[in-house]
1. Out of 40, 52, 119, which single residue is surrounded by fewer than 19 Cβ atoms within 10 Å (Cβ to Cβ), assigned to a helix (DSSP H, G or I) and out of contact with any Pro (no Cβ under 7 Å at 6 or more places or on another chain)?
2. May I ask you to say which residue of 90, 66 is out of contact with any Leu (no Cβ under 7 Å at 6 or more places or on another chain) and either modelled with pLDDT under 90 or surrounded by fewer than 18 Cβ atoms within 10 Å (Cβ to Cβ) (or both)?
3. Which pairs have Cβ atoms under 8 Å, sit 6 or more apart or on different chains, and link a residue in the range 86-115 that is in a helix (DSSP H, G or I) to one that is aromatic (Phe, Trp, Tyr) and surrounded by fewer than 16 Cβ atoms within 10 Å (Cβ to Cβ)?
Amino acid sequence: MPIYVNSNRMREDGTQLKSTRHCTYQSGHHFVWIPFKRRKIFTNEAIIEATKRYVTEAIENNDMELIAIEVDRTLMDHVHVFVSFPPRMLASQAVTIMKGYSSRRLRMEFPHLKNLHEKSQLWADSYYWGTTGNVSAQTVKRYIEECQG
C-alpha cells in the first residue's frame, strides 16, 4: 500500500491543479527503478525507510511534489514513486535527481551498499516512466475538433 502525502490538498486521482507564472498544469508521473544488477538491498526496515526519506528529500528540495512512494517488499528490488513536477522539468531530470540524491545518501548511511559491486552506483541506469492524466484521448480529440471553428 503506497504512502500518500498531502492528502488533504489532492484531487481524487492524487494530483492537483498547480500553476507557474505562465502555465497551469496537472501532472502525475510514475517512476520505477531497481538497484544495479538487481541486488536485493531492501533486506531490512532501516534501508527501506531511509530510501523513502532520501527520495522524499530530493523531491521536496527540487520543486516537485510527492504523491506516493513505496518499496517493493516482495521482490526487495523496486522503488515506486508517484510525483508531480512543473512542465519546465524533464522526466529524465526528475528521475536523475531522485536516484542520484538517494544513492549518495544511502551509501553514506549504509557503507555495506558501497561494496555490492565494483561500480560506485547503487541504482541501475534504466527506469520505467509512465504519465497519468484525468482526460481521455477522446476528450482531447473532441476539444481540438471543437476549436477548429
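1. Details: 40 fails: assigned to a helix (DSSP H, G or I); 119 fails: assigned to a helix (DSSP H, G or I).
The match here is 52.
2. Details: 66 fails: either modelled with pLDDT under 90 or surrounded by fewer than 18 Cβ atoms within 10 Å (Cβ to Cβ) (or both).
Result: 90 is the single residue among 90, 66 that is out of contact with any Leu (no Cβ under 7 Å at 6 or more places or on another chain) and either modelled with pLDDT under 90 or surrounded by fewer than 18 Cβ atoms within 10 Å (Cβ to Cβ) (or both).
3. Taking only residues 6 or more apart or on different chains, the pairs are 91/129; 95/129.
The values are calculated or read from the model by the stated rules, or taken from the named source; none is laboratory data. Model, not experiment: these values are computed from the prediction. All Cβ positions, glycine included, derive from the backbone under ideal geometry; neighbour counts span all protein chains shown.
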